[in-house]
């Protein structure tokens, strides 16, 4: 019997002199995944008073969400959407590209979809 890997991870990475938030999603996300990551993201963004956070959101290993987790993701986006200056959405599926377009309605900064990590990082560094 195999183990199914899923979840969200959060980190801070640097390219040149630029620091940015990194969120990586894998598998099918659950409500429990959001119960774990939401307090960490809340803490990381607590001091943000104007949109200046740059983020790389890596969805290449994401398969989807359970229904409750999709609602959790929507609420999280509404809560923190004003904190971001740029979000590079890194994916490999058409629905992820569409998610970038929809997400743009709820985020104060720019969202751009990429299939190549180097291009995403270069855009964030601009």
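Please give the calculated 222 nm ellipticity per residue for the chain, where each DSSP H segment of at least 4 residues contributes -39500 (n - 2.57) and the sum is spread over every residue; nearest 500 deg cm²/dmol? Mean residue ellipticity, 222 nm, calculated: -12000 deg cm²/dmol. A Cα-only calculation for the stretch 7-125 places Rg and Dmax at 13.2, 39 Å.
Using a cut-off of under 18 Å, list every residue of the stretch 88-126 whose amide N is near the label point 7 Å from the Cα of residue 52 along the Cα-to-beta-carbon line. The answer is 108-110, 124-126, whose backbone nitrogens lie closer than 18 Å to the label point.
By the beta-carbon count within 10 Å of each Cβ, the least crowded to most crowded order of 121, 67, fewest first, is 67, 121. Where both bridge residues fall in the chain, DSSP classifies roughly 30% of the beta bridges as antiparallel. The fewest-to-most ranking of 101, 54 by surrounding Cβ atoms within 10 Å reads 101, 54. For the chain, the longest principal axis of the C-alpha atoms and the axis of helix 94-103 are separated by about 60°. Note on the stretch 13-35 and the stretch 71-126: Cα centroid distance 12 Å, given to the nearest whole angstrom. The fewest-to-most ranking of 76, 21 by surrounding Cβ atoms within 10 Å reads 76, 21. Tell me the angle of helix 31-45 to the major Cα principal axis of the chain, expressed in degrees between 0 and 90 and rounded to the nearest ten. That works out to roughly 20 degrees.
Just so you know, all these numbers are worked out from the coordinates, no wet-lab data involved. Just so you know, these numbers come straight off a predicted model, no measurement behind them. Reconstructed Cβ throughout: ideal geometry from the backbone, glycine too, with neighbour counts over all protein chains shown.
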